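Chemist: If you scroll down you'll find the structure; I have some questions about it.
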Amino acid sequence: MTDGVILIDKPFGISSFAAVSMVRRALGVKCGHCGTLDPVATGLLPIMCGKATKLSAYLTDGDKRYTASLKFGLETDTLDITGSVTATDARRIELDEILSVLPRFTGEIMQVPPAY
C-alpha cells in the first residue's frame, strides 16, 4: 500500500512524529498524522500515506473525544505522570467536592500548558 490511511493505536512513550517516522520508513512513502498525541497519551492516531495526505484537512477539522485518567492527591513538577512528585494529599475527596469544581472545566478554556 502506498496511498491510504493507517490507524495506529499509539502506545505510551512515543511521539506522534516517531509513529509517523516508523510508518514512513516501513512503506517508503510520504506520510503525516492528523493531530498530535503527546508521548504520554495513548490512542488512535490516523496516519495519512501517499496521496491520502491530501485528506488531512478533512480529518483534522472533525470533533475529537478524549478520555483521561487521573489520580487524586498527587502533584508532580511536570503536571503529568512523568514528573517527580512534589506534593501529596491522602485525604478522601468527596463527590460533592468534585462536582463543585467541574463548572471551571466546562466551556471554552484558555489552556496554559506546563513549561515542560
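The values are calculated or read from the model by the stated rules, or taken from the named source; none is laboratory data. This one's a predicted model, so the numbers in the text were calculated from it and none came from an experiment. Note: ideal-geometry Cβ built from the backbone for every residue, glycine included; neighbour counts use all protein chains shown. These area figures cover heavy atoms from the full protein model, side chains too; ligands, DNA and RNA do not enter into them. Shrake-Rupley method; radii C 1.70, N 1.55, O 1.52, S 1.80 Å.
Chemist: Mind sorting out which of (1) 36, 18, 11; (2) 31, 19, 15; (3) 25, 14, 11 is the real semi-axes √(5λ) of the Cα gyration tensor in Å computed from the coordinates?
Modeler: (1)
Chemist: Quote the FRET efficiency, to the nearest 0.05, computed for Arg92 versus Asp38 with a Förster distance R0 of 41 Å and r equal to the Cβ-Cβ distance.
Modeler: Result of the calculation: an efficiency of 0.85.
Chemist: With a 1.4 Å probe and all protein chains left in place, how much accessible area per residue does the chain have, in Å²?
Modeler: 79 Å²
Chemist: Still on this structure, please answer the following. With r as the distance between the Cβ atoms of Ser21 and Lys51 and R0 = 22 Å, compute the FRET efficiency 1/(1 + (r/R0)^6) and round to 0.05.
Modeler: Once rounded, the FRET efficiency stands at 0.65.
Chemist: Would you calculate, for the chain, the mean residue ellipticity at 222 nm contributed by helices, counting each DSSP H stretch of 4 or more residues as -39,500 (n - 2.57) and dividing by all residues, to the nearest 500?
Modeler: Taking each H run of at least 4 residues, the total per residue is -5500 deg cm²/dmol.
Chemist: Which distance in Å, rounded to a whole number, links the C-alpha centroids of segment 90-116 and segment 19-78?
Modeler: Computed from Cα coordinates, the inter-centre distance equals 25 Å.
Chemist: As I understand it, the value is the acute angle between the Cα axis of helix 16-27 and the longest principal axis of the Cα atoms of the chain; what does it come to in degrees, rounded to 10?
Modeler: Between helix and principal axis, roughly 20 degrees.
Chemist: Could you order the peptides 79-87, 45-53, 58-66 from most to least packed, using the average number of other C-beta atoms within 10 Å per residue?
Modeler: Per-residue mean Cβ counts within 10 Å order the peptides as 45-53, 79-87, 58-66.
Chemist: Can you compute the modelled spin-label distance between Asp77 and Lys64, with each label point 7 Å from Cα toward Cβ, in nm?
Modeler: About 2.9 nm separates the two model spin labels.
Chemist: Now, a different point. State the percentage of accessible surface on the chain attributable to carbon and sulfur atoms; use a 1.4 Å probe and exclude ligands, DNA and RNA.
Modeler: The C+S portion of the solvent-accessible surface of the chain is 58 percent.
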